[in-house]
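No value in this document is a laboratory result; all are computed from the given coordinates. Because the structure is predicted, anything quoted here is derived from the model rather than measured. No Cβ is skipped: glycine too gets one built from the backbone with ideal geometry, and neighbour counts run over all protein chains shown.
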Amino acid sequence: MTMTRRGFLSASAAFAATPMVGARAFGAPLPRETDIVVIGAGAAGIAAARRIMAANRKVIVVEAAGRVGGRCLTDVSTFAVPFDRGARWMHNPDSNPMIRLARAAGLEIVTAPSGQKIRIGRRYARAGETEEFLATLVRTSRAIDDASRKFDVSCAAALPKDLGDWAGTVDFALGANFAGKDLKDFSAVDKVRAQDRSSVFACRQGLGALIAKLGEQVPISLSTPASRIVWGTRDVAVETQAGKIAARAAIVTVSSNVLTAGSIKFAPDIPKRALDAAAKLSLGSYDHIVLELPGNPLGLSRDDVVIEQSNSTRTALLSANIGGSSLCSIDVAGSFGRDLSGQGERAMIGFAVEWLTKLFGSDAASAVKKSSATRWNAEPYVLGAMSAASPGGQPSRKILTEPLGALFLAGEATHETLWGTVDGAWESGERAAEAALRRIGALKDTEPVEAPARTPRHRGAPRRTATPYSPID
């Protein structure tokens, strides 16, 4: 029996680690009109655009940031090897189109290690202690499942009373490390309805590199925030600093936090029902503190994962020797991670060194060669990690899939079972694209159309080439 690994690692999108694939060439103007405009060039936006292009309809993607990928970001600059500062994992290999597309594009998909080691102070948990913890996890999950059948309470309200020394670790494993929120802030129904994520796969070249690769033929305008969207039942108009785009429909893939922050104005306003739903699906906090530790001072193997027995929220998850490199990631999440991130990168790195010293001794601190910390909550175009429903908020996911005239919402927050995953974001983008295509009368069948290997570029869109990456993950 093994614990399920967390599928989203938060990242600092403010760090421009991925080359600017998709920027408008030589200041090429935006098209004045198109069939469908997509807001956001993350996984959902790229999936939506590819689906629209496969139906031979015109599309333009406008992206506020200066890069493609959204919460998928492969860093090739900070250290001597690349690593994913954002989402790292994919799931469900039998049904996930991204895995098939990655292989078709010549990228390598690998199975991620599934087990974790548990540290109790300066030693590893004994076999009996590990079995006790795993049994406690199972018992807790069943209690949350039982509670969700009656009311959508917080996961914390359903916890057994006798978790003993494992209470803090259970909260971290099932709450902060799974959803970016402590169990007291996390819907029991949302937890139970999350699709099984025990099958975990990674792209060796990086998940951010994969999204950039899949977006190569998509017409994208980077550094082009949408400032205002005028929408109705028949058409939309998207206003940006580079001009206005008239379209027959629009797909908005921004995060739930960006949607509620009001940085994009809507005329008329988005209905209160939809905004309230987005607010109940606010993003949790999940950050990634990376230390370069040459010589393997922790004595761990490639991609080893370590958690600790903890009696508080001040804890973390260690991913060691990522992809066979000397990089070790200390992941912090939930309320503690949010507070720590708010104190800045220096405080985050200080905690990571302190935490490793507590578990492995002072050699860990003296071995640090280089460090970097992500602060996903401070990225203005995302404002957090993954969506997690507040108690009572799980039905909000379905509400966000309801069309608003010619306006459609997509993104991981709109997926009822694969929320918090790139898989869910991709599927939501395809789903929204098909709904938009039907809206404009461009799709009448119910079968999805496979996107061609090379799709025609929108007029004015530049040619792009993939960037080679060394293996990681």
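What to note about this one:
- Straight-distance candidates among the aspartates and glutamates for linking to K161, with alpha-carbon spacing under 16 Å and chain neighbours fewer than 8 residues away dropped: E132, D145, D146, D171.
- If you take all other residues with their beta carbon under 12 Å from the beta carbon of S341, and give Lys and Arg +1 and Asp and Glu -1, the sum is -2.
- Candidate values [x] 21.8, 66; [y] 25.1, 90; [z] 23.3, 85, label of the one derived for Rg and Dmax of the Cα atoms in Å: [x]
- Proximity of backbone amide H atoms, modeled 1.01 Å from N, is registered between A316 and E308 at under 5 Å, excluding neighbours fewer than 5 places apart on the same chain.
- The chain: calculated mean residue ellipticity at 222 nm from DSSP helix runs of at least 4, using -39500 (n - 2.57): -8000 deg cm²/dmol
- Protection proxy ranking for 177-183, 330-336, using the average of other Cβ atoms within 10 Å per residue and placing the highest first: 177-183, 330-336.
- Each residue of the stretch 115-131 is assigned a 3J(HN,Hα), and the resulting list reads x, 10, 9, 10, 9, 10, x, 8, 10, 7, 4, 6, 3, x, 5, 5, 4 Hz, derived from the Karplus form 6.51 cos²θ - 1.76 cosθ + 1.60 (θ = phi - 60°), x at Gly and Pro.
- Remark: for residue pairs K117/K370; K150/K272; K181/K244; K191/K369, the C-alpha separation exceeds 30 Å in K181/K244; K191/K369.
- Global geometry of the stretch 78-194, whether rounded, prolate or oblate, following the gyration tensor of its Cα atoms and the 1.5 cut on a/c: oblate
- Computed extension gain for R122 through E239, at 0.36 nm per residue and net of the alpha carbon distance, reaches 36.4 nm.
- Within the chain, DSSP assigns beta bridges of which about 65% are antiparallel (rounded to the nearest 5).
- Per-pair calculated FRET efficiency, R0 = 45 Å: K444 and V138 via Cβ, rounded to 0.05: 0.45
- Residues whose amide H falls under 5 Å from that of E33, counting only those 5 or more places apart or on a different chain, are A246, with hydrogens built in the peptide plane.
- Annotation for the stretch 201-290: trypsin sites (Lys or Arg not before Pro) lying in DSSP loop with at most 11 further Cβ atoms inside 10 Å of their Cβ are R234.
- Given the chain, longest segment not containing exposed loop GluC sites (Glu not before Pro) (DSSP; at most 16 other Cβ within 10 Å): 109-449
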